[in-house]
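Okay, so here's the structure we're looking at.
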Amino acid sequence: MAKFKVLVADDDQDIRDGIEIYLKNEGYDVLKAADGQEALALLEANEVHLLILDIMMPNMDGITATFKIREVRNIPIIMLSAKAEDSDKIHGLSVGADDYVTKPFHPMELMARVKSQLRRYVQLGTYDGQKTIEIDGLILDEEAKEITLDGNPVKLTPIEFKITELLMKNVGRVFSINEIYERVWNEEAYNAENIVAVHIRKIREKIEADPKNPRYVKVVWGIGYKIEK
């Protein structure tokens, strides 16, 4: 089994060191950074499979770092913050984070989320023997874990990919917000509406010519979302 490398960026050395201990106990290689700039430099020089980024850091915060990372990479990003307000969580997710953990947190909760994100990132699924699904120029290549639109690659985060994959594999079926959350995040839905809505909005910005008048991802008011042929 491949050994995964996790980059931990937090300006608190005790938190960095504590997370490192738990990650190494789970068999992961660990890189550590004290701010966003150092994290970007380590990411450039190393093969990293997942990032844990604190939001509030000097020199470059986690939000800015995530924005820059998403320009070139789609690896899973888990954000850490002492702030529990929904607005902070939505801000982090809107720039491309895949998950969000509020300080103080139980280390084993963070480890569970790391495992879930890595599993989602690397596993290949199957769908009735199909390797590609095409819907009016939007193509899902399941083997390559890639989505293209009119022949052009679409840069999706792992969570965005899983949501799009779920909808494309079930054309015409309406999924409720809670069902999308539980299938993609693999945990019970709780206050999932804003989280799912942020990811749907980001998906539309990437695949729709006019996100306000979507061609693919449709909302069924009061029920949920679907993709139509």
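The values are calculated or read from the model by the stated rules, or taken from the named source; none is laboratory data. Owing to the predicted nature of the structure, the values given are computational and were not obtained by experimental measurement. Neighbour counts are summed over all protein chains in view; Cβ atoms, including those assigned to glycine, are modelled from backbone coordinates with ideal geometry. SASA here: full protein model, heavy atoms, side chains in, ligands and nucleic acids out. Shrake-Rupley method; radii C 1.70, N 1.55, O 1.52, S 1.80 Å.
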field: D_trans [Stokes-Einstein, Kirkwood Rh over alpha-carbon pairs] for the range 112-229, 37 °C, 0.692 mPa s, µm² s⁻¹
entry: 225
field: Accessible area (Å², per residue) of the chain, counting only protein heavy atoms and a probe of 1.4 Å
entry: 50
task: Sort the range 1-68 into rounded, prolate or oblate with this rule: let a ≥ b ≥ c be the square roots of the eigenvalues of the Cα gyration tensor; rounded if a/c is under 1.5, and if a/c is not under 1.5, prolate when a/b is larger than b/c, oblate otherwise.
output: oblate
- line: Carbon/sulfur accessible area of the chain, % of total, 1.4 Å probe, equals 48
- request: May I ask for the Rg/Rh ratio of the chain, computed from Cα atoms with Rh as the Kirkwood radius, given to two decimals?
  value: 0.97
- request: Note down the magnitude of the dipole of the chain about its Cα centre, charges +1 on Lys and Arg C-beta and -1 on Asp and Glu C-beta and zero elsewhere, to the nearest 20 debye.
  value: 600
query: For the range 153-205, which GluC sites (Glu not before Pro) are both in a DSSP coil and crowded by at most 14 other Cβ atoms within 10 Å?
result: Glu187, Glu188
statement: Taking Lys and Arg as +1 and Asp and Glu as -1, residues besides Leu118 with C-beta under 14 Å from its C-beta add up to +3
- prompt: lysines near Lys212 by alpha-carbon distance under 26 Å, same-chain residues fewer than 8 away left out - which ones?
  reply: Lys68, Lys89, Lys155, Lys162, Lys169, Lys202, Lys226, Lys229
- request: May I ask you to list the chymotrypsin sites (Phe, Trp or Tyr not before Pro) in the range 157-229 that are in a DSSP loop and have at most 16 other Cβ atoms within 10 Å of their Cβ?
  value: Tyr190, Trp221
query: Gain in length, Trp221 to Asn46, computed as 0.36 nm per residue apart minus the alpha-carbon separation, to one decimal in nm?
result: 58.5 nm
message: Placing +1 on the Cβ of each Lys and Arg and -1 on the Cβ of each Asp and Glu in the range 156-229, which of Ile200, Asn213, Ala189 has its Cα farthest towards the positive end of the resulting dipole?
response: Asn213
- line: Note on the chain: contact order normalised by length, alpha-carbon pairs under 8 Å, 6 or more apart, percent, works out to 13
- request: For Asp136 and Lys169, calculate 0.36 nm times their separation in residues minus their Cα-Cα distance, and state this gained length in nm to one decimal.
  value: 10.5 nm
query: Relative to the longest principal Cα axis of the chain, at what angle does helix 193-207 sit, 0 to 90 degrees, rounded to 10?
result: 70
- request: May I ask for the angle, rounded to the nearest 10°, between helix 13-25 and the longest principal axis of the chain, with both axes built from Cα atoms and the value confined to 0 to 90°?
  value: 70
